[in-house]
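To keep things clear, I will list the structure first and then write my remarks on it.
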Amino acid sequence: MTRLHAYLNFNGNCEEAFQFYQTVFGGPLQGVHRFGDMPADPNFSISETDKSKIMHTALRINEHAMIMGSDCVESFGQKAVFGTANYIMLDTDSAEQARELHNKLSVNAQTMEMDLGETFFAELFSSFIDQFGITWMIHYEGNKTM
């Protein structure tokens with residue numbers, strides 16, 4: 001079966017974001033590659049500032065899912081644009097897990113769209129934009145099983 005993983009782009013703070021996500025999900029990063037690790041190319045230069053940026057990293061959430069990330073490099077014509085077009089939805093196995101993930105991920109949230117609480121479709125649900133601009137939903141269906 002194909003697996004779906006979330007790939008997150010940042011504007012220079014990917015490393016900080018993934019250090020934070022490690023405190024939420026645990027586990028080690030699945031490698032950290034920086035733009036400065038790329039082989040030298042005489043036709044293509046990378047600024048000293050950009051060399052320290054994250055080209056790719058990953059963090060396993062569980063045996064089936066991971067989040068991956070990278071910094072955008074403006075000299076490559078890249079810039080991360082944040083918004084609400086996509087959310088990472090964490091569908092939890094218990095109310096306790098929903099509360100724990102919500103409490104950890106929403107620390108210093110930029111926007112709390114819906115605080116964790118009961119809805120007509122879930123025993124517990126929340127949606128917010130975290131401190132790094134990433135949009136999340138926490139969902140525990142519980143007694144509202146469809």
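The values are calculated or read from the model by the stated rules, or taken from the named source; none is laboratory data. This one's a predicted model, so the numbers in the text were calculated from it and none came from an experiment. FYI the Cβ positions are ideal-geometry reconstructions off the backbone, even for glycines, and counts take in every protein chain you see. The area values use the complete protein model at the heavy-atom level, side chains included, leaving out ligands, DNA and RNA. Shrake-Rupley method; radii C 1.70, N 1.55, O 1.52, S 1.80 Å.
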Members of segment 93-103 found to be surrounded by 14 or more Cβ atoms within 10 Å (Cβ to Cβ), out of contact with any Ser or Thr (no Cβ under 6 Å at 6 or more places or on another chain) and closer than 22 Å to Gln19 by Cα, listed by number: Gln97, Arg99, Glu100, Leu101
Exactly one of (1) in contact with a Cys (Cβ under 8 Å, 6 or more places away or on another chain); (2) under 21 Å from Thr135 (Cα atoms); (3) not polar (S, T, N, Q) is unmet by Ala58. Its number? (1)
Anything in segment 6-23 that is open to solvent by less than 60 Å² (accessible area, probe 1.4 Å) and in a loop (DSSP other than H, G, I, E, B)? List them, or say none. Gly12, Asn13
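A quick yes/no check of all residues on (1) outside the structural domain of Gly133 (by the TED database); (2) modelled with pLDDT of 95 or more; (3) under 22 Å from Thr2 (Cβ atoms):
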site: Ser52; (1), (2), (3): yes, yes, no
site: His64; (1), (2), (3): yes, no, yes
site: Phe82; (1), (2), (3): yes, no, no
site: His102; (1), (2), (3): no, yes, no
site: Asn108; (1), (2), (3): no, yes, no
site: Leu116; (1), (2), (3): no, yes, no
Subset of segment 62-79 (residues that are within 30 Å of Gln97 (Cα to Cα) and either acidic (Asp, Glu) or assigned to a loop (DSSP other than H, G, I, E, B) (or both)): Asn62, Glu63, His64, Ala65, Asp71
Please find, among Gly77, Gly69, Gly26, Gly31, the residue that is surrounded by fewer than 13 Cβ atoms within 10 Å (Cβ to Cβ) and in contact with a Ser or Thr (Cβ under 8 Å, 6 or more places away or on another chain). Gly31
Filter result for Phe128 (open to solvent by less than 20 Å² (accessible area, probe 1.4 Å), in a loop (DSSP other than H, G, I, E, B) and not assigned by the TED database to the domain that holds Phe18): no
List the number of the failed condition for Leu59; all other conditions in (1) without any contact (Cβ under 8 Å) to a residue 60 or more places away in the chain; (2) in a strand (DSSP E or B); (3) under 27 Å from Ser127 (Cα atoms); (4) open to solvent by 20 Å² or more (accessible area, probe 1.4 Å) hold. (4)
Please tell me if Leu116 is in contact (Cβ under 8 Å) with a residue 12 or more places away in the chain and open to solvent by less than 30 Å² (accessible area, probe 1.4 Å). no
Given the conditions (1) more than 30 Å from His139 (Cα to Cα); (2) part of a helix (DSSP H, G or I), and given that Pro39 satisfies all but one, which numbered condition is not satisfied? (2)
Can you tell me how many residues within segment 131-146 are in contact (Cβ under 8 Å) with a residue 24 or more places away in the chain and either of a type outside the set (A, V, I, L, M) or open to solvent by less than 10 Å² (accessible area, probe 1.4 Å) (or both)? 11
